[in-house]
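The values are calculated or read from the model by the stated rules, or taken from the named source; none is laboratory data. Since the structure is predicted, the reported quantities are computational estimates derived from the model, not experimental observations. Reconstructed Cβ throughout: ideal geometry from the backbone, glycine too, with neighbour counts over all protein chains shown. Areas reflect the complete protein model, heavy atoms only, side chains present, ligands, DNA and RNA absent. Shrake-Rupley method; radii C 1.70, N 1.55, O 1.52, S 1.80 Å.
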Amino acid sequence: MIQVLAALAPIVALIALGHQMRSRRWVDDAFWPPAEWATFHLFLPALLVASLARARLEGLPVGTIFAVEAGIVLTMASAACLAAGRLAQAPWSLNGPAFTSLFQCAIRPNTYVALAVGAGLWGSQGVALIAVCTAAVIPLVNLLSTLAMLHWARSGKRMGWREAVLPVVTNPLILSCAVGAAINVSGLRLPSVAASILDILAGASLPLALLSIGAGIRLDSLRRPNPSVWLAVAAKMFVLPVLAFGALKLAGLGGIALAACGIYAALPASPASYVTARRMGGDAPLVATMLSAQTIAGAVILPLWLMLLGAG
């Protein structure tokens, strides 16, 4: 328990610091967009490439992790689609764009928090496991979110296949997982200079990512939220991890693999949900409220899940 709290305390502290930095205007608002861009396109990919290139993947149940993580996402997405008609009625009253907010926030994981938890609790092995989960889930949730937007948020508007598929195949997190895994499988070693550069860039990834998450929290939006906000918290942080832990146990996983891959399902939703909603006609303000609620709830829920798993 003490180890869990010690690992999560810096994560919560940096998120809180990011919120204070933005709300009190300690830095100009113009600081955050380029910081988020650099984190997503440069620092986190460096961390993933370096970690996967050095990881001992031969001992990891990669196939099982892929099957379970993808399976639970597809299950949750299917359940949400089946419930769309009911969610359009009171008390939820979700129109098409609002439904896509719930859809995204029920399946998209915040990889930034996952990597911070993995590194804090289990070191390089935790980062490698989270990277495998990322490779399994991120392409799938990007594709599903795009399809949901096309169906519920962009009625009457056409989108070409390039606009739908290109963001998936060019996602920096996906590409960096592929590069790191390819280096690992090939048996090659990173040149010392390249490894040093990647390590320096990777060192900036998690602090800047967590500060940016905190900067995105909007406490005022939680005063009178739509009931769907709490449904998003329950679906993403209770239902999805229950499905994950059950499937992982049935598949025979235990120890660090069970804890890391299980907690990956319990994460708050990704800030990419807001960007997708804003660009594709979704309800971006509702996404922002859901993200804020999940991020704050995560400070309590994630330690409980980890302690139930005996991770500390």
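Things worth noting here:
- Test: residue in segment 93-104 that is closer than 30 Å to ALA181 by Cβ and crowded, with 21+ Cβ neighbours inside 10 Å: yes
- Every residue from segment 183-195 that is in a helix (DSSP H, G or I) and open to solvent by 60 Å² or more (accessible area, probe 1.4 Å): VAL185, SER186, SER192, VAL193
- You will find that of VAL275, VAL179, the residue that is of a type in the set (Val, Ile, Thr) and within 19 Å of LEU48 (Cα to Cα) is VAL179 and no other.
- Those residues of segment 152-164 which are open to solvent by less than 70 Å² (accessible area, probe 1.4 Å), modelled with pLDDT under 80, within 20 Å of CYS81 (Cβ to Cβ) and out of contact with any Leu (no Cβ under 8 Å at 6 or more places or on another chain), in sequence order: ARG154
- Any hit, segment 112-124, residues being in contact with a Leu (Cβ under 6 Å, 6 or more places away or on another chain) and either open to solvent by 20 Å² or more (accessible area, probe 1.4 Å) or among the polar types (S, T, N, Q) (or both): no
- Residue in segment 30-53 that is most open to solvent (accessible area, probe 1.4 Å), counting only those that are within 15 Å of LEU115 (Cβ to Cβ) and not aliphatic (A, V, I, L, M): PHE40
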